[in-house]
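First the structure, in the form of structure tokens, and then the observations on it.
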Amino acid sequence: QCLYEFVAFVPPSGGSPGAAGTASVAVDTAHPLSLLLNSSAADTPLCGIEYHFGEFGNYSLVVKTLNASTKTVSCDLIINEGPINSYLPILFAFLVYMGILAVLIVVRLFMKIDPVRNWVYKKLNPRETDRLINSELGSPNTTDSINCDPAPHSWSTASRQRLHSLDTFRGLSLVIMVFVNYGGGKYWFFKHESWNGLTVADLVFPWFVFIMGTSIALSLSSMLRWGSSKWKVLRKILWRSFLLILLGIIVVNPNYCLGPLSWDNLRIPGVLQRLGFTYLVVAALELLFTRAESGTWEAPYPALQDILPYWPQWIFILMLEVVWLCLTFLLPVPDCPRGYLGPGGIGDFGNYPNCTGGAAGYIDRLLLGEKHIYQHPSSSVTYQTTMPYDPEGILGTINSIVMAFLGLQAGKITLFYKDQHKQIMSRFIIWSIVMGIISAILTKCSKEEGFIPINKNLWSISYVTTTGCFAFILLLLIYYLVDVKKLWSGAPFVYPGMNSILVYIGHEVFEDYFPFKWKMQDSQSHAEHLTQNLTATTLWVIISYVLYRRRIFWKI
């Protein structure tokens, strides 16, 4: 439902016999396009085609007059030069990483051979034996330690009791987030969707919010079980939220390459700001109703024992969602239809050019000011929008709280059914099915035609239920492989997962510095972009691994 945009004017042939007017244009290849040829005299449509052009392909749209009196023309698309296979760099990168993984597995198998292992240990410090046994694909274990120092012993014990699946889930989300933020090889599916829909890039932030909620349930339960008072825990929650918001506003958001920090155009919302506020609400909500001692609740419905004791929390979350629905669909927005969820610009046939985001955009511009929100939303390219719009705005934060609450529920499941793997996994499956059904109803299984489309910019409730469905499935798989069957230690994702704040802030601050970025020979090459982005992402994984081996963890 977009307006046609002017692409080119084809000049007249000049009257020479056999001569033809020509015009050359570059067109987008991410999605199928509709091309329309109009008569310059009467501006009437002569012909139109729909085609999905390929990258670096060369095409001719040949237009011939069939009947001058009736002005009948023919339009034929000719492929002069076929498009390239732009996905070959991804295949090559996949094979390279699989080769590295194969080498690590072979090394791991060789280390299980006694003569080889003994020879390696003789060459290295024997006091580091315990750390070397647990190499890249392992995790600390106190049973084989020969170090008498009590500090490493207690550290290893804590590590062994930790659910490595949570760190792995968090690390996987973070690694994809870093790769996407660095450019994702300039592939369209590694970029955020222009408006409605879902790409790989749109999955990682809600997954990070989800696992933050899971960690809240486990960490608060642990702190209270160890005797911390609720007031002490609340002070820690407030301090951590404050630091996250402050880091987002002062360190991550500003572009200091453009000059000193200025309040005139400082972006107030942001990723860390949303994480900080979401953490504050969900952690405070859980602290208010959590109990220091875990135990079974005498419920008339035992299957709901991880839900019914916390009914006030559910009422609060449902009330928040009612607020989001009311503001989104009932709030009057000047010069815009009530309940508008579109991108504005040339979308919806250009009827609402200044209505980007509807109520969500209006609230941000009203309360924060146009200069203090994101100036280049993903909708500006496809939909030619001119209004600033922030995907981490105020109204969407309500649904990020809902997403974190779903993660909190996953954490409660692991607490209530501790070591009951079948119960935990079955409930993860049930939650994923429930979320999937809700998403199917809200979207009508359609990208554009649903009641509430999946939209990352709006953080629509269907976006939350859809990514929540995927999150429960992914957590189920990782939990089964890492903590149940122990077929995988979580490496290498577990390492950035244990230092998530440092990796996220670091990759933002050093984004434009070597070796994370360098001048490319061909800026149009997927291969060069992919090499640069994968190198930068891999470096942060290596940095997090080095910090893990040195037992350096930056916590807020």
> Excluding ligands and nucleic acids, what accessible area in Å² is computed for Met223 using a 1.4 Å probe, to the nearest 10?
Replying inline: 40
> In the chain, with Lys and Arg counted as +1 and Asp and Glu as -1 at Cβ, which of these residues, Leu109, Thr29, Pro83, has the Cα nearest the positive end of the dipole, that is, farthest along it?
Replying inline: Leu109
> If one computes the Cα centroid of the stretch 196-257 and of the stretch 338-407, what distance in Å separates the two points?
Replying inline: 23
>> Please list 3J(HN,Hα) in residue order for the stretch 182-196, calculated via the Karplus relation 6.51 cos²θ - 1.76 cosθ + 1.60 where θ = phi - 60°; whole Hz, with x for glycine and proline.
In response: 7, x, x, x, 6, 8, 5, 7, 9, 10, 5, 4, 4, 8, 6
> Sequence-distant or interchain residues sharing an amide H contact under 5 Å with Val73, placed H: which?
Replying inline: Leu66
>> For a protection proxy built on the mean count of beta-carbon atoms within 10 angstrom, sort 541-551, 518-528 highest first, please.
In response: 541-551, 518-528
> Once you charge only the Cβ atoms, +1 for Lys and Arg and -1 for Asp and Glu, what is the size of the charge dipole of the chain about its Cα centre, to the nearest 20 debye?
Replying inline: 2260
> Taking a 1.4 Å probe, which of Ser86, Ser378 shows the most accessible area, and what order do the others take after it?
Replying inline: Ser378, Ser86
> Of the cross-linked pairs Lys112/Lys555; Lys186/Lys456; Lys422/Lys555; Lys232/Lys555; Lys191/Lys486, which ones have a Cα-Cα span greater than 23 Å in the structure shown?
Replying inline: Lys112/Lys555; Lys422/Lys555; Lys191/Lys486
> Accessible area per residue of the stretch 1-84 at 1.4 Å probe, in Å²?
Replying inline: 73
> So how do 443-453, 167-177, 487-497 stack up, highest first, on mean other-Cβ count within 10 Å?
Replying inline: 167-177, 487-497, 443-453
> Separation of the stretch 418-445 and the stretch 21-41 by C-alpha centroid, Å?
Replying inline: 45
> Which cross-chain or sequence-distant (5 or more) residues have an amide H under 5 Å from the amide H of Ile454, H modelled 1.01 Å from N in plane?
Replying inline: Gly197
> Rank Asp114, Asp306 by accessible area, highest first, at a 1.4 Å probe radius?
Replying inline: Asp114, Asp306
>> Can you tally the net charge around Lys517? Count Lys and Arg as +1, Asp and Glu as -1, for every other residue whose Cβ sits under 13 Å from the Cβ of Lys517.
In response: -3
> Ordered by residue, what ³J(HN,Hα) values in Hz, to whole numbers, does the stretch 474-486 give under the Karplus form 6.51 cos²θ - 1.76 cosθ + 1.60, where θ = phi - 60° and Gly and Pro are x?
Replying inline: 5, 5, 4, 5, 5, 4, 5, 6, 8, 9, 8, 8, 6
> Which ³J(HN,Hα) values in Hz, rounded to whole numbers, follow from the phi angles of the stretch 260-268 under the Karplus curve 6.51 cos²θ - 1.76 cosθ + 1.60, where θ = phi - 60° and Gly and Pro get x?
Replying inline: x, 4, 10, 5, 4, 9, 6, 6, 7
> Carbon and sulfur together cover what percent of the accessible area of the chain at a 1.4 Å probe radius?
Replying inline: 64
>> Can you give me the long-range amide H partners of Leu33? Hydrogens built in the peptide plane at 1.01 Å from N, cutoff under 5 Å, separation of 5 or more residues or another chain.
In response: Tyr51, His52, Phe53
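The values are calculated or read from the model by the stated rules, or taken from the named source; none is laboratory data. This structure is a prediction, so every number in the text was calculated from the model and none was measured. As a convention, Cβ positions derive from the backbone with ideal geometry for all residues, glycine included, and neighbour counts pool all protein chains shown. Areas reflect the complete protein model, heavy atoms only, side chains present, ligands, DNA and RNA absent. Shrake-Rupley method; radii C 1.70, N 1.55, O 1.52, S 1.80 Å.
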